[in-house]
1. State which stretch of the chain is the longest one without any exposed chymotrypsin sites (Phe, Trp or Tyr not before Pro), exposure meaning a DSSP loop state and at most 16 other Cβ atoms within 10 Å.
2. State in Å² the accessible area per residue of segment 255-404; use a 1.4 Å probe, count heavy atoms of protein chains only, and round to the nearest integer.
3. In segment 265-340, carbon and sulfur make up what percent of the accessible area (probe 1.4 Å)?
4. Where Rh is the Kirkwood radius over the Cα pairs of the chain, the temperature 10 °C and the viscosity 1.306 mPa s, what D in µm²/s does Stokes-Einstein return?
5. Quick one: compute the contact order of the chain, relative version, from alpha carbon pairs under 8 angstrom and 6+ residues apart, as a percent.
6. For the pair Phe195 and Ala364, what calculated FRET efficiency results from E = 1/(1 + (r/R0)^6), where r is the Cβ-Cβ distance and R0 = 60 Å, to the nearest 0.05?
7. Any idea how far the Cα center of segment 252-323 sits from the one of segment 57-93, in Å?
8. How long is the gain from Ala228 to Ala204 if the chain were fully straight, where each residue apart is worth 0.36 nm and the alpha carbon distance is subtracted?
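The values are calculated or read from the model by the stated rules, or taken from the named source; none is laboratory data. Note that the coordinates shown come from a computational prediction; the quantities given were computed from them, not determined experimentally. Cβ placement follows ideal geometry from the backbone for every residue including glycine, while neighbour counts extend to all protein chains displayed. When the accessible area is computed, the model is the full protein with side chains, heavy atoms only, and any ligands, DNA or RNA have been set aside. Shrake-Rupley method; radii C 1.70, N 1.55, O 1.52, S 1.80 Å.
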Amino acid sequence: MKISRREMMTATAAGVAAAATTASAQSGAPQPQRPGRGGTDPGPRNTARDAQNPDILEPPSTDRGTVPNLRFSFADAHTRLERGGWARQVTVRELGISTGIAGVNMRLNAGGVREMHWHKAAEWAYMLYGTARITAIDAQGRHFIDDVGVGDLWFFGSGIPHSIQGLGPDGCEFLLVFDDGSFDEDNTFLVSDWFKHTPPDVLAKNFGVPASSFEHVPDPNEQYIFSAPITGPIAIHPIAGSTAVPHTFSHRMLAQQPIVTGSGTVRITDSKVFPASTEIAAALVEVNPGGVRELHWHPNTDEWQYYIEGQGRMGVFAASGQARTFDFRAGDVGYVPFAMGHYVENTGTTPLRFLEMFKSSYYADVSLDQWLALTPPELVQAHLGFDRHTIEALRKEKKPVVPA
């Protein structure tokens, strides 16, 4: 029997596909299947990415419907490399759902300076590594200067001019959060840029010095993040005749007394404890292995998350039978649209630490457990069919990380 070329090619392709399927299955690679559902993926595929996102490759059976993407990693963002450090951003251009908040991850080497600048959006920051010196003035001409370290925050309101410099021995890394999803770190008001685009004779009149004084202003393209000498301690560099701002622009978040449960901790920082932070509220959450940031929602605004360490998954309930689960690791950004129910579970073997940020002056959440506990039990039973034991286990006191 003569076999045609077409039949031979088809048989060869089938054999290759079968071999690939077998190889993929035998290699222990994760597969998009569970008992009675799905099948193997012979490829092409990115096995490393699949392994990092098990709840997307093999979603829980409770996931349903079309929920938009709520995750983006800084590892997938473009990095701008400069003489004094680097920066990368996650905005509405990278994470389309995030219309209200944008984030920037920045590294300043020792001596590296984020040029004196200001912007239309308010800026909230969390120090991830090292130490930095921050400076600013307010509209009344009152000055601010502070050295900040890991776990410290700062907040500069819209239009407040400021600078940041990495200190010794190894500079710093920090997260910046802005109250505008379309913010662009490459489109801020730089002091050198303004000088370069103002006539020298106008500068001379403004500052009362000869126009030649401005001949050596650097090219703004070289000043975004540049290197400069580190001055001595703040105490030996007072600004004569100046007045300090009435409310400090920095805050020691890790010095706050946390809410402690048997499975983790939560520190909440909003304008009640950090008066300057009028536009951004935040919580630092730590969940022990096996623990869960309880089922809850936020009644005031969307939630923007940044994962600091560990690994976990977030399940989001979007109403009308829609739900989706996402996996997170250090450096990832998560997002929860306004009022959507969600939980965050530690799926690793080490603590899971992440930040919750809100475009609001205050922090607010509603606990599903507490709501049920404070509702007449007969009504809860009629809705959900709970037995007496389950109803009695409901907690009237909010426990943000469970088991309590």
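1. On the way: sites that count: Phe338, Tyr362, Phe386.
The answer is 1-337.
2. Values: 6610 Å² over 150 residues.
Result: 44 Å² of accessible area for each residue.
3. Numbers: 1310 of 2460 Å².
Using a 1.4 Å probe with all protein chains present, segment 265-340 comes out at 53 percent carbon and sulfur.
4. Values: Rh = 24.4 Å.
In µm²/s, the coefficient is 65.
5. Working: 893 pairs, mean separation 64.7, N = 404.
With pairs under 8 Å counted, the relative contact order is 16 percent.
6. Numbers: r = 44 Å, r/R0 = 0.73.
Here the calculated transfer efficiency is 0.85.
7. So the separation of the two Cα centres works out to 19 Å.
8. Details: separation 24, 0.36 × 24 = 8.64 nm, distance 2.57 nm.
Net length gain for the segment: 6.1 nm.
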